[in-house]
Amino acid sequence: MIRKLFSLILLSSTFLTAQTTYFVDDVIGNDAYNGLKKNTPFKSIEKINQLVLKPGDSVLFRRGGQWTGNLTPKGSGSKNNRIVLGAYGNGLAPVLDAKGQISKGEKVSYTIRLFNQEHIEIRDLKIKNFNPFETPRKLVLKTNSVYVNAPKMGIYIQGEDCGTLHDIYLSNLEICHVNGDMSTKHNGGVFVEITWNKTISKRVKSNFDGLYTEGCYIHHVDRTGWSNKSVWSRRSLHSKWGELLANGKTHNWFPSENVVFRNNKFEKAGANALIVRVAKAPLVEYCFFTHNGIKGSGNASFPFNSDDALFQYNEACYTYYNTEADSWNGKKDVDAGGFDSDWNCKNTIIQYNYSHNNGHGGVLICCDGASKTSFNDGTIIRYNIFENNAHHIIRNSGTTTNTQIYNNTFFAGKEQDSVQLVYHKSWNGYPGKTIYANNIFYSLGNGNHFEFTKSKNYTFRANTFFGDIKNLPEDSKKQTKNPHFKSIETSTTHWKPYLRFLLKQNSPEINKGIVIENHAAKDFIGTPIQGLPDRGAFERK
C-alpha cells in the first residue's frame, strides 16, 4: 500500500512538472487545436501570446513558415530548464516579422519581446522587422532637418525593477532587415535595457546575469546590430556605491555579468554593429564584423562604461566611412573604425584581433574630458594585426590614462598615403600616460606619419619603424631595419592573409622586445612567449 502511494505521488509530481512542446504551423495550424502535436498545431503568434509558459516548455515554429506580428511570450524558465522558442521540421528557418506593427499599449515596434523574464532560449529563427510602406518623420537637428523611420527592434529584452534576471540565450538566429531609426543607438537588431518605473519612489537595483549571443547572423539593421543600456550606470573612476559624484549625482553603477558574444557575424548595420554598456567582464570573441556603418558614423564594436571587457579572436573590416553626401544626417563620419575602447571603461583588453581595411581607423581609445565623471583607464591593446586602415591606425582621443599598446603589427600598404600611424587627439583634453612597446610599424605609402598634436605624456620603447615615416617619436631601443615578414604581398586565395606577417628566420625582430608587466602568455596564433618576446604580433618558434 505504501509502495502504491509513493508511486502515485511520484506520478503526480512528474505530471505537474511535465514539459510541454507547442507546435505552430502557418499552413495547417488552427488556434482551436491543442497545439501539442505536429498534426494539431496552433496557427498564430496571438495564440502563443495567450499561453503562460513553464520551465522546460518549448514553442516551435514550422520551418518554411512565415508569421507577422509581435511575439510576447509569458513565463520564465528555471535554472537548467529553459523555455525555448525555436523551430521544427526541415527547410528554411521560420520567419517572424513585425513589419513595423506596434503591440497594443507599446510605444515601439519589436518582433519578439521579453519583459522581466529569465532562463529563456531563442534559437533557429529568422527575425525581421521591416515596414515597406513607412512614411519617415521629420527630425529637426541643430544645423539641418532630416527624415527618419520609427524605432524598431528585432528582439527587445527589458528588465524593470526586477533584481537580477538570469540566462537569456540567443543562438543560431538570423536577425535582419530592421528599418529602424538612425537617430538613436537604442534600436536595431537586438536591444536590451534595464529601466525603472518613474512613478514609484522605491526602485529595485536590477541587472542581467547571463546574456549570451552565439552563432547569430545580424545584418541590414538600423541603427545598431546589438546594443544595450541601463539606468544603473552612474559612477566615476574610483567612486563607490552611494557616493556623491562630481556632477552632483550618486554612484549607482550595477553592471550586468556573464555577457558573452561568440561566433557571430555582424554585417551592414546602419552604424555600430555591437555596443556593450554597463557590464562587468563582457566577452566578445570569434566574431566577424564586416561592412558596417553603411549609413552613419560608428565604429564596428565597443564597450562603454564597462570593466574588464575582453575582445579577442575577432575580425573587423571594411567599416564604411560616410561623407556628407552619404550619411543619414548630412555629416561626415567621426568614427568608422574596427575596434574601440570607449569612455567610462576600466581595464579593457583588445587582443588577438585582425582589423583591416576600415574607413577611419583600426582602433580607438577615447574619453570625453569635458565630463566631470568620465574616465578610460588601463586599456591594453596587444598582439593584434592592423592592416590598411584609412586615415589613422591608432587614435587615442581625450583624457585616457594608463594605456598600454604592445606587440602589435601595424601595416600600411602602398596605396595607404598620409595615414596617421598614431594619432593623439584632443577631446577636451589630451591622453595621459600611454606606453607603446614591441610594435612593428611598417609603411609603404607616402606621407605616413605620427601625429601627437599637443599630447606629451607618452613613451615609445623597443618599437620598429620601417619605411618612409615622418615625425618619428623618440625610442631608445628603436629599429628601422626591414622586419622580414614572410610576405607583404596580399593573396586572394589564402584564407588567412594575416599569416604573411609571420617573421622569417632571419628577422631582426626576434628576441628584441622588452617584457611588459603581466605580459601576454602567447602570441596572435597561440605560440607561447618564452624569454624576451619578439616584436610584432607573432613569436618566432
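The values are calculated or read from the model by the stated rules, or taken from the named source; none is laboratory data. Just so we're clear, the structure is a prediction, and the values are computed from it rather than from any experiment. Heads up, the Cβs are rebuilt from the backbone with ideal geometry, glycines too, and the neighbour counts pull from every protein chain shown. Just so you know, the surface numbers come from the protein's heavy atoms only, side chains and all, with ligands and any DNA or RNA stripped out. Shrake-Rupley method; radii C 1.70, N 1.55, O 1.52, S 1.80 Å.
What number does the range 86-216 give for Rg over Rh if you use C-alpha atoms and the Kirkwood radius?
My calculation puts Rg/Rh at 1.02.
Could you work out how far apart the two model spin labels at N511 and Q19 are, taking each label as a point 7 Å from the Cα in the direction of the beta carbon, and quote it in nm?
Those two pseudo-labels are separated by 5.8 nm.
Over the residues of the chain, compute the C-alpha Rg and express it relative to 2.2 N^0.38 Å. Intermediate results must be reported in sequence, preceding the final value.
On the way: Rg = 25.7 Å, N = 541, 2.2 N^0.38 = 24.0 Å.
Here the Cα radius of gyration is 1.07 times the empirical estimate.
Would you work out the relative contact order for the chain, in percent, from Cα pairs under 8 angstrom that are 6 or more residues apart? Could the numbers behind the result be given before it?
Details: 1717 pairs, mean separation 33.3, N = 541.
It rounds to 6 percent for the chain.
Roughly how many nanometres apart are two label points built 7 Å out from the Cα toward the Cβ at T373 and I102?
Rounded to a tenth, the inter-label distance reads 3.1 nm.
If the reach is capped at under 21 angstrom between alpha carbons, list the lysines near K372, excluding any in the same chain fewer than eight residues apart.
Those lysines meeting the cut-off are K229, K240, K249, K346, K425, K433.
Could you give the radius of gyration (one decimal) and Dmax (whole number) of the Cα atoms in the range 226-271, in Å?
Cα-based Rg and Dmax for the range 226-271 come out at 15.4, 42 Å.
Just subtract the alpha-carbon distance of Y147 and T490 from 0.36 nm times their residue separation and send over the number in nm, one decimal.
Working: separation 343, 0.36 × 343 = 123.48 nm, distance 4.18 nm.
119.3 nm is the gain from fully extending Y147 to T490.
Quick one: pull the percent of accessible area on the chain belonging to carbon and sulfur, 1.4 Å probe, ligands and nucleic acids left out. Spell out each step's value before the answer.
Details: 12060 of 23770 Å².
After summing per-atom areas, the C and S share lands at 51 percent.
Counting only heavy atoms of protein chains, what accessible area per residue, in Å², does the chain have with a probe of 1.4 Å?
I get 44 Å² per residue for the chain.
Per-residue HN-Hα couplings for the range 102-119, Karplus 6.51 cos²θ - 1.76 cosθ + 1.60 at θ = phi - 60°, whole Hz, x for Gly and Pro?
Running phi through 6.51 cos²θ - 1.76 cosθ + 1.60 with θ = phi - 60° gives 10, 5, 4, x, 9, 10, 9, 8, 9, 8, 10, 10, 10, 10, 6, 10, 8, 6 Hz.
Once a ≥ b ≥ c are taken as the square roots of the eigenvalues of the Cα gyration tensor of the range 269-321, is the result rounded (a/c under 1.5), prolate (a/b larger than b/c) or oblate (a/b not larger than b/c)?
Here the range 269-321 falls in the oblate category.
Tilt of helix 2-16 relative to the longest C-alpha principal axis of the chain, in degrees (0 to 90, nearest 10)?
With rounding to tens, the tilt is 60 degrees.
Multiply the residue separation of Q50 and K456 by 0.36 nm, subtract the distance between their alpha-carbon atoms, and state the gained length in nm to one decimal.
139.8 nm
Heads up, I need the accessible area for S183: 1.4 angstrom probe, whole protein in place, Å², nearest 10.
40 Å²
P(r) for the range 161-254: what percent of alpha-carbon pairs falls in each 10 Å bin, starting at zero?
Spelled out per bin, shortest first, that is 15, 33, 33, 17, 2.
Give the relative contact order (percent, whole number) for the range 295-379; include only Cα pairs under 8 Å separated by 6+ residues.
34 percent
Find how much the distance from I435 to S418 grows on full extension, using 0.36 nm per residue of separation minus their present alpha carbon separation; answer in nm with one decimal.
3.8 nm
Net charge within 13 Å of E106 by Cβ-Cβ distance, Lys/Arg positive one each and Asp/Glu negative one each, not counting E106 itself?
Values: positive: K104, K107, R113, K152; negative: none.
Result for the local shell: +4.
Per the Kirkwood treatment, what hydrodynamic radius in Å, one decimal, follows for the range 247-377 from the mean inverse distance over all distinct Cα pairs? The partial results should precede the final answer.
Details: mean 1/r = 0.0670 Å⁻¹.
14.9 Å is the Kirkwood radius here.
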